Structures are given as structure tokens and as C-alpha cells.
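A.B. asks: Attaching a single structure in C-alpha cells format; questions to follow.
The values are calculated or read from the model by the stated rules, or taken from the named source; none is laboratory data. The shown structure was predicted, so the numbers you read here are calculated from the model rather than taken from an experiment. As a convention, Cβ positions derive from the backbone with ideal geometry for all residues, glycine included, and neighbour counts pool all protein chains shown.
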């Protein structure tokens, strides 16, 4: 069995920080709106109460719900018989709650996902990822060429990582899916790539790109000493 802490180290501080920042923004908005109808002192108190209320929501409801009850449920699921093949092959549980490990020289990740649809029951599925090395001068072209529909499901090759939702997503046969993906790798001449090598060569660059993209959507609202209030514009949804 795989054991990870139910409550992540430092997560309480993160929720407190988020509640502090979001509460400050909401409190200022309520303060400004209240000025139209109330005296200055009353508006200040309204802003402060809203600010404190948002902080209490984050640490009193958000934190125990997300960092205890939901994580505890997910850890139990990842240790269930559904993933027995992964445990038998010495896959380990990551603190972010997915399973990863070696199988026939390739490094695999299995990431449980939940999709929510309005007025419908949530359904759960797994995304399978594997890292590979590609000896090609035009890597992007080769990855685009290889991406598409396969007997396993729709496979996406990008940044030396292959990912797909298996066709048997309700009760996936991980051995069959892993073996099938490896057979495709071998047919295309793809070689194993260690997780550490992938993170060093490609992962850091992807994180940097993501951070720069988020920075371009970030607007500073207020900065007084250590108080730094920012607004992050939601990312555009891809069609």
C-alpha cells in the first residue's frame, strides 16, 4: 500500500494566504460599493467584515474540505483494487495524488481525474502518460504526425510525453494499455526517457512558460509593504 500525508505540508499557509488576498480584494469592492449608500466608517467596517469572512471561508470550509476529506477519499481510491496492477509493479503515490513508476523500462504516470457536468453525475476516469525520447530533427512535426486515434484511444504526443484516456476508461486494464503504448513506441522508434531527465529538459521549460503566461494575465491592485494584492485574469478557454 502507498501512504502519503492526507494534509500536505504548508497547505494551511497557502489557504490562509489565498483567503487573505481574495478577502482583501472582495472587502475593498464591498467598501467602495457601500460608500454610495453609507458613511465612511460604516463602509470601512463592512469591508473589514467581508475580508475576515472570506478568510474564514477559506480556512474553515475550503481547507478541511479540499485538504482533508477530498484527499482522504482520493488516497483510499488510489489504494483500491482498481490500481492493484500498479501497486504490484511498485508504482508509488505522488503527494499530488497520482501513481507513477517504471514498467518495461518506461516511466508511466496514472492521473485520476473527475469531470463535472451540470445536471449530471460526475464521472471519474484516468489519464495515462509516458515519457519517451525522440531522435528526430523535426520533433514537433513527428509528434503531430504520431498524434491521433489508436486502438487504445486518442493519443497525444507532445513535449516528449504521450498521454491518453484509454477506451476502457471505466475499468481500465492498465497492463494492456501499457503494453499497447509501448508497442506503439517501439514501432515509432521511441526510446525510454527517465522522469528526472524529462523534468530537466522539458518540464522546467513548460513550468516557466506557464508562469510567464500567468504573469501576463496578472494585474497588481494594491501593494503596501508586505501586502501585495493582485488580480489574475482567467485564461482563455481553447475551443
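A.B. asks: Return yes when residue 32 is assigned by TED's automatic domain parsing to the domain that holds residue 130 and touching a helix residue (DSSP H, G or I) at 6+ places or on another chain (Cβ under 9 Å) and no when it is not. Steps first, answer last, please.
C.D. replies: Numbers: assigned by TED's automatic domain parsing to the domain that holds residue 130: no; touching a helix residue (DSSP H, G or I) at 6+ places or on another chain (Cβ under 9 Å): yes.
Spelling it out, it is not the case that residue 32 is assigned by TED's automatic domain parsing to the domain that holds residue 130 and touching a helix residue (DSSP H, G or I) at 6+ places or on another chain (Cβ under 9 Å).
A.B. asks: Specify the residue that is farthest from residue 78 (Cα to Cα); the eligible residues are those in the stretch 167-183 that are outside any helix (DSSP H, G or I) and touching a strand residue (DSSP E or B) at 6+ places or on another chain (Cβ under 7 Å).
C.D. replies: 169
A.B. asks: Now for a separate question. Can you find even one residue in the stretch 158-166 that is closer than 24 Å to residue 71 by Cβ, assigned to a strand (DSSP E or B), at pLDDT 90 or above and in contact with a strand residue (DSSP E or B) (Cβ under 7 Å, 6 or more places away or on another chain)?
C.D. replies: Yes.
A.B. asks: Now for a separate question. Does residue 62 satisfy the condition of being touching a helix residue (DSSP H, G or I) at 6+ places or on another chain (Cβ under 7 Å) and either under 30 Å from residue 98 (Cβ atoms) or in the same structural domain as residue 95 (by TED's automatic domain parsing) (or both)? Working first, answer last.
C.D. replies: Numbers: touching a helix residue (DSSP H, G or I) at 6+ places or on another chain (Cβ under 7 Å): yes; either under 30 Å from residue 98 (Cβ atoms) or in the same structural domain as residue 95 (by TED's automatic domain parsing) (or both): yes.
Here the answer is yes, as residue 62 does meet what is asked.
A.B. asks: Checking residue 55 against (1) closer than 21 Å to residue 176 by Cα; (2) crowded, with 19+ Cβ neighbours inside 10 Å: exactly one of these is not met. Which one?
C.D. replies: Just one mismatch for residue 55, condition (1).
A.B. asks: Answer with yes or no whether residue 114 is within 19 Å of the chain's Cα centre (by Cα), touching a residue at least 24 places away in the same chain (Cβ under 8 Å) and under 25 Å from residue 131 (Cβ atoms).
C.D. replies: The answer is no for residue 114.
A.B. asks: Filter the stretch 139-161 down to the residues that are within 17 Å of residue 192 (Cα to Cα), over 22 Å from the mean Cα position of the chain (by Cα) and surrounded by 15 or more Cβ atoms within 10 Å (Cβ to Cβ) and list them by number.
C.D. replies: Listed by number, the residues that qualify are 142, 143, 146.
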